[in-house]
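The values are calculated or read from the model by the stated rules, or taken from the named source; none is laboratory data. Since the structure is predicted, the reported quantities are computational estimates derived from the model, not experimental observations. So basically every Cβ, Gly included, is an ideal-geometry build from the backbone, and we count neighbours across all protein chains shown. What goes into the accessible areas is simple: the full protein's heavy atoms, side chains included, and nothing from ligands, DNA or RNA. Shrake-Rupley method; radii C 1.70, N 1.55, O 1.52, S 1.80 Å.
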Amino acid sequence: GITKYRQPSPSPPGVVVDAVVADKRYDNLESLSIPTSAGLIAFEFHGISFKTRREAMVFRYRLKDFDRDWQNTRETRVEYPPLPIGTYTFEVVAVDRDLVYSEEPATVHLNVIRDPRDSRIDTLDRELRHLRDLHRLRSALEPARSIEDSVTATGETLMADLPGIQGILMVCDEREWHFGRCEEQDLLRYERTLVWNGKIRGRLVLLTERAWSDAWEQAFLDEIAGQVSRALEARELEMQLLRSSRLVSMGQMAAGMAHELSQPLGAVSTTVGDVYLRLLDEIDLPPDELKEMMRDSAALIERMEHTINHLRMFSRDTSQVSGVVFSLNEAVHSSLKIVGTQLKNHGIEVVLDLADDLPEVEGFPHQMDQVFLNLLANARDALDERTGGWKRIEIRTRPKDGRVIGEVTDNGPGMDVAVADQVFEPFFTTKTAEHGTGLGLSISYAIVRNHGGEMICESRKGKGTMFQVSLPVIRNDS
Ligand code: ADP
């Protein structure tokens, strides 16, 4: 047969922008300035082709920094609404009937400038822009669920939106975040404090290459700082609520528990089933093998018992039962009696700084021993990761503002913020199944709260970790 094909076009179509029509007609210019008051802005163009009729040509165009994508049209004129102050580039290519494009787009650089006769439009334009930026900041902060997320959302949104912005530095409770360039040479620096609950909690520093001079713009910076402060305050409140509402929902707890128990339960069930079948079929079962199977199963059952006992702590309501009066120092000593030698064997030095005149607290000393045992075991595990160097745990107690404070500090590897935020959650662990259940700290937390106290964690990556227990001093009513 005969193959029909079209010759490729010998030359791509040309394209020309004839005029820009705004407050007046600007003919054949490659770049021009137009005042904001100009109103609609139209571009007129035409294509040049030897083989395609004018009416059959198609154009692709876009106004860079305004249109997101290229648009198609059969017209030779396109219109835009009044544009905010800024620079734009209009680009257009012609497409002939063989779908061959112009090699180069025709371009016009457009500079929308403040109207010399009317500076109100300029102000209005800028205010609109700022309002849009504030709105975008608010919607970026909305979904953030942690302080960390809020800071990141702020940094990224402001970097993308603020004109002339080069870098952002945020400081919040002694932690620092950087976005963009943060060396300050050649840049102007605008700083606002972040304030909530009546306290200065951090700073927001904007490094720009353009001055924020007038009062309106200064107010805009204040508004940004206010929004960021409010978002951070809200996140902090949420986190406190989460901690104090027994930390987790029942659902989360049940899921963790099911996960924790299902594996050993499965293993025991397989073993028992296996033994039973072999007994039924009177298959010979060597005593050694049987012994081993029973020993493994017993160990698994013990592990499950351990988990379940631990979990009982969560539901135990001790508020009605009054305990005994004791000193937190006793809990420190009795926990050290149990793990002191072990810590020494791990090459860890334990430094004690216990207040002599420590007021007494009321409750259950054995439970409080358990808290210190957990903290020491965690510090030991953390220090085990430290290769070489001096391994040290410091235990401090002291009275403070009608409370008794106990602190266990290690100079181990510390934690990431993401880890530190979750340590009190049941079943959260970074350890392998043999080394951790992820229950130690959540149980310690529950014990401390049942004693009317608080527990917090402070950790710095690469520096170490401190856990602090604070308990109310017993009231001497009699
Ligand atoms: P587990 O020790 O069984 O993992 P915990 O609730 O006691 O469970 O601890 C949860 C997690 O918190 C640990 O897996 C570890 O990642 C982290 N952690 C606790 N204490 C420290 C510490 N002193 N230093 C570093 N990380 C710690």
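One line per residue, one yes/no per condition, for (1) touching a helix residue (DSSP H, G or I) at 6+ places or on another chain (Cβ under 8 Å); (2) under 19 Å from D173 (Cβ atoms); (3) crowded, with 17+ Cβ neighbours inside 10 Å; (4) at pLDDT below 70:
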residue	(1), (2), (3), (4)
L204	yes, yes, yes, no
L207	no, no, yes, no
S213	no, no, no, yes
A219	no, no, no, no
S229	no, yes, yes, no
Q240	no, yes, no, yes
R246	yes, no, no, yes
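Which of the residues belonging to segment 288-318 are open to solvent by 80 Å² or more (accessible area, probe 1.4 Å), of a type outside the set (D, E, K, R) and at pLDDT below 90? Within segment 288-318, H306, N309, S315 meet the criteria.
Being within 19 Å of Q468 (Cβ to Cβ) and over 36 Å from the mean Cα position of the chain (by Cα) is the filter; apply it to segment 337-359 and report the residue that is surrounded by the fewest Cβ atoms within 10 Å (Cβ to Cβ). Can you show your working first?
So the first thing to find is which residues in segment 337-359 are within 19 Å of Q468 (Cβ to Cβ), and the list is 350-355, 358-359.
Now narrow it down to the ones that are over 36 Å from the mean Cα position of the chain (by Cα): 352-355, 358-359.
Working: L352: 13, D353: 11, L354: 15, A355: 17, L358: 19, P359: 16.
This residue is D353.
Taking (1) open to solvent by less than 50 Å² (accessible area, probe 1.4 Å); (2) hydrophobic (A, V, I, L, M, F, W, C); (3) within 12 Å of the ligand (Cβ to nearest atom); (4) farther than 23 Å from E305 by Cα in turn, L439 satisfies each apart from (4).
The listed residues are V473, V423, V419, and the only one of them that is farther than 25 Å from Q342 by Cα, within 7 Å of the ligand (Cβ to nearest atom) and at pLDDT 85 or above turns out to be V419.
Take T432 and decide whether it is without any contact (Cβ under 8 Å) to a residue 12 or more places away in the chain, within 12 Å of the ligand (Cβ to nearest atom) and among the β-branched types (V, I, T).
Against the criterion (without any contact (Cβ under 8 Å) to a residue 12 or more places away in the chain, within 12 Å of the ligand (Cβ to nearest atom) and among the β-branched types (V, I, T)), T432 qualifies.
Looking only at segment 23-60, residues that are touching a Gly at 6+ places or on another chain (Cβ under 8 Å) and at pLDDT below 90 come to 4 in all. Per the listing K463, K391, the residue uniquely open to solvent by 20 Å² or more (accessible area, probe 1.4 Å) and under 28 Å from the mean Cα position of the chain (by Cα) is K463. The C-beta contact set for segment 257-268 (first residue in contact (Cβ under 8 Å) with a residue 12 or more places away in the chain, second residue part of a helix (DSSP H, G or I), distance under 6 angstrom, 6+ apart or interchain) comprises E260/T307; L261/M304; P264/L300; P264/R303; P264/M304; A267/L300; V268/S297; V268/L300. For segment 394-404, how many residues meet the condition of being in contact (Cβ under 8 Å) with a residue 60 or more places away in the chain and either buried (at least 19 other Cβ atoms within 10 Å of the Cβ) or within 22 Å of Q342 (Cβ to Cβ) (or both)? Total meeting the criteria: 3. In segment 104-113, the count of residues that are at pLDDT 85 or above, exposed (fewer than 15 other Cβ atoms within 10 Å of the Cβ) and charged (D, E, K, R) is one or more. I'd like to check something: does segment 404-414 contain any residue that is away from the ligand (no atom under 16 Å from the Cβ) and touching a helix residue (DSSP H, G or I) at 6+ places or on another chain (Cβ under 8 Å)? Within segment 404-414 (the criterion being away from the ligand (no atom under 16 Å from the Cβ) and touching a helix residue (DSSP H, G or I) at 6+ places or on another chain (Cβ under 8 Å)), the answer is yes, since at least one residue qualifies. Can you tell me which residue within segment 45-95, out of those that are part of a strand (DSSP E or B) and of a type in the set (S, T, Y), is surrounded by the most Cβ atoms within 10 Å (Cβ to Cβ)? Only one residue tops the list, namely Y61.
Selection of segment 31-87 for residues being within 16 Å of I113 (Cβ to Cβ) and β-branched (V, I, T) yields I34, T36, I41, I85, T87.
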